[in-house]
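Undergrad: Just passing along the structure, written as structure tokens.
The values are calculated or read from the model by the stated rules, or taken from the named source; none is laboratory data. On a predicted model such as this, the values are computed, not experimentally measured, just so you know. We place every Cβ from the backbone using ideal geometry, glycine too, and count neighbours over all the protein chains shown.
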Amino acid sequence: MIGSKWINRRAFTLRSSATLWQSCAHPAVAREVVREVSDKLVRRHPHVFGTSDMRDSGAVLKQWEAIKREEKQADPHYLASLPKALPALIRAQKAQSKAARVNFDWTEVRDVIAKVEEELREIKEAGASQDREMIEDETGDLLFAVVNLARKCKIDAESALQKATDKFVARFNRLEDELKARGKKLGDVDLAEMDAIWNEIKKDAGC
């Protein structure tokens, strides 16, 4: 019994640490995660935070279990425990991974790619309609499908996007340096010239 409790605590600690670690690069998100954890601690431990006078360990444990049951009754759905404060890419990938555990998942990667292509067609149609709400909705669907593709390929979507952004910033810095070498600056050059330099930078980088 003690071993089981230790394992549960260990699993909780690892999950909590992972959540905070993933959020540390997002200060606003980290604050929300800490707030959610803090609210849960206060809610589940009224004997500590002044709303209950229970001191007997057995009674406290029963009260704690009762509070947990009430929380589950409030929203018993399978994905209800998914933290809303997580960064969107991480939350999407966690939702997809959890759904996959109960067999709600594409069998092959090609099926996920087909879904990405389908969502891309739909966002093109939405763009043609000029309907901002529809464009936003379809953009979200496309992003969700791409995150699912990353998950299916065993790639962390958040890390992949961070790397892509770092690569963009590095190339843009080189673009700016090249313009300075030509006696020019950002904002005074048209897209055609910048695009030509950009393609040279990509060629030098080998991708």
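Undergrad: Kindly indicate whether K154 is part of a loop (DSSP other than H, G, I, E, B), modelled with pLDDT of 95 or more and among the basic types (K, R).
TA: Against the criterion (part of a loop (DSSP other than H, G, I, E, B), modelled with pLDDT of 95 or more and among the basic types (K, R)), K154 qualifies.
Undergrad: Just to be sure before I move on: is A205 surrounded by 10 or more Cβ atoms within 10 Å (Cβ to Cβ) and either over 30 Å from A92 (Cα atoms) or within 27 Å of the chain's Cα centre (by Cα) (or both) in the structure I sent?
TA: Spelling it out, A205 is indeed surrounded by 10 or more Cβ atoms within 10 Å (Cβ to Cβ) and either over 30 Å from A92 (Cα atoms) or within 27 Å of the chain's Cα centre (by Cα) (or both).
Undergrad: Can you pull out every residue in the stretch 183-194 that is surrounded by 11 or more Cβ atoms within 10 Å (Cβ to Cβ) and not hydrophobic (A, V, I, L, M, F, W, C)?
TA: Selection gives K184, E193.
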